[in-house]
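Take a look at the structure set out below.
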Amino acid sequence: MAQRVRVSVHARDPVSRAGVLAELRPRSEIELVEHEGEVDVAVVVADRLDAECERIIRAIRRGSSARVVAVIADLEGPAVLATIEAGASGLLRREDADAERLIRVITASARGDGSIPPDLLGRLLNQIGRLQHHVLVPRGLTIAGLTEREVEVLRLVADGFDTAEIAKKLAYSERTIKNILHDVVSRFGLRNRTHAVAYALREGFI
């Protein structure tokens, strides 16, 4: 038998929590646990994505390696992007959260995949497009939070070029290249330029 997915359930409303637990308890592929450090997936149930719900999701993501599935009653408009920004990898409307759908989203999250209701995907892409057009592009940023110049420098570092060679290729001073790399390292809390390149590669920025 495949390894069971260890799941915890969080909800301010005890009735909602009990309902989700009742859906999951009979399933052989799920192991319900109480201790966050032992969890593969944490299910967060809420009426809407308010500040408290965001805090719970962020605390789970900060305190463990667990993935988060958010089961939200009012999952419309800005709440979609906000839930993802808070750290959820799976989204499900509470009205759609029967046992089969819930299991599919939980197991997908445990595998490292993301899940979002199909009708919300277009809205999410539109939100990201507006963010890119109105907020990021005017500031010279990409959706990754890096400027085009930072991406260009990191690509050249990844290709093995040293500071002097990068400066020559891009027609910048060596000091400018050092400042660009220092800014990236500082902004993302990284250790050095090697760590910056590894981070950018891992996140798919370069």
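Just to be sure, is Val9 buried (at least 17 other Cβ atoms within 10 Å of the Cβ), within 17 Å of Ala99 (Cα to Cα) and touching a Cys at 6+ places or on another chain (Cβ under 7 Å)? Criteria not met by Val9.
Collect the residues in the stretch 148-165 that are of a type outside the set (Lys, Arg) and either touching a Leu at 6+ places or on another chain (Cβ under 6 Å) or farther than 14 Å from Ala196 by Cα (or both), keeping them in residue-number order.
First pass over the stretch 148-165, keeping only residues of a type outside the set (Lys, Arg): 148, 150-154, 156-165.
Once the filter is applied, which keeps residues that are of a type outside the set (Lys, Arg) and either touching a Leu at 6+ places or on another chain (Cβ under 6 Å) or farther than 14 Å from Ala196 by Cα (or both), the stretch 148-165 yields Glu148, Phe161, Asp162, Thr163, Ala164, Glu165.
Have a look at Arg6, Arg12, Arg48, Arg25 and point out the one that is in contact with a strand residue (DSSP E or B) (Cβ under 8 Å, 6 or more places away or on another chain), within 19 Å of Val105 (Cα to Cα), modelled with pLDDT under 90 and of a type outside the set (Gly, Ala, Ser). Sole residue among the options that is in contact with a strand residue (DSSP E or B) (Cβ under 8 Å, 6 or more places away or on another chain), within 19 Å of Val105 (Cα to Cα), modelled with pLDDT under 90 and of a type outside the set (Gly, Ala, Ser): Arg48.
Within the stretch 14-31, the residues that satisfy the criterion of being more than 20 Å from Ile72 (Cα to Cα), surrounded by fewer than 17 Cβ atoms within 10 Å (Cβ to Cβ) and within 26 Å of the chain's Cα centre (by Cα) are Glu29, Glu31.
For the stretch 97-121, how many residues meet the condition of being among the charged types (D, E, K, R) and either in contact with a Pro (Cβ under 7 Å, 6 or more places away or on another chain) or not in a helix (DSSP H, G or I) (or both)? Show your work before the answer.
Filtering the stretch 97-121 for residues among the charged types (D, E, K, R) gives 98, 100-101, 104, 111, 113, 119.
Remaining after also requiring either in contact with a Pro (Cβ under 7 Å, 6 or more places away or on another chain) or not in a helix (DSSP H, G or I) (or both): 98, 111, 113.
Final tally of qualifying residues: 3.
From the list Gly87, Gly63, exactly one residue is at positive phi and surrounded by fewer than 22 Cβ atoms within 10 Å (Cβ to Cβ). Which is it? Just a single option satisfies the conditions, and that option is Gly87.
Report, by residue number, each residue of the stretch 168-204 that is closer than 13 Å to Leu156 by Cα, within 21 Å of the chain's Cα centre (by Cα) and surrounded by 15 or more Cβ atoms within 10 Å (Cβ to Cβ). Within the stretch 168-204, Ala196, Val197, Ala200 meet the criteria.
The number of residues in the stretch 157-182 that are assigned to a helix (DSSP H, G or I) and more than 30 Å from Gly112 (Cβ to Cβ) comes to 16.
Tell me which residues, restricted to the stretch 28-45, are in contact (Cβ under 8 Å) with a residue 40 or more places away in the chain and closer than 16 Å to Arg104 by Cβ. Step through it out loud before you land on a result.
As a first pass, look at the stretch 28-45 and keep what is in contact (Cβ under 8 Å) with a residue 40 or more places away in the chain: 29-30, 40-41, 43-45.
Answer for the stretch 28-45, where residues must be in contact (Cβ under 8 Å) with a residue 40 or more places away in the chain and closer than 16 Å to Arg104 by Cβ: Glu29, Ile30, Asp40, Val41, Val43.
The values are calculated or read from the model by the stated rules, or taken from the named source; none is laboratory data. Since this is a predicted model, take the numbers as computed values, not measurements. All Cβ positions, even for glycine, are placed from backbone atoms using ideal geometry, and neighbour counts span all protein chains on display.
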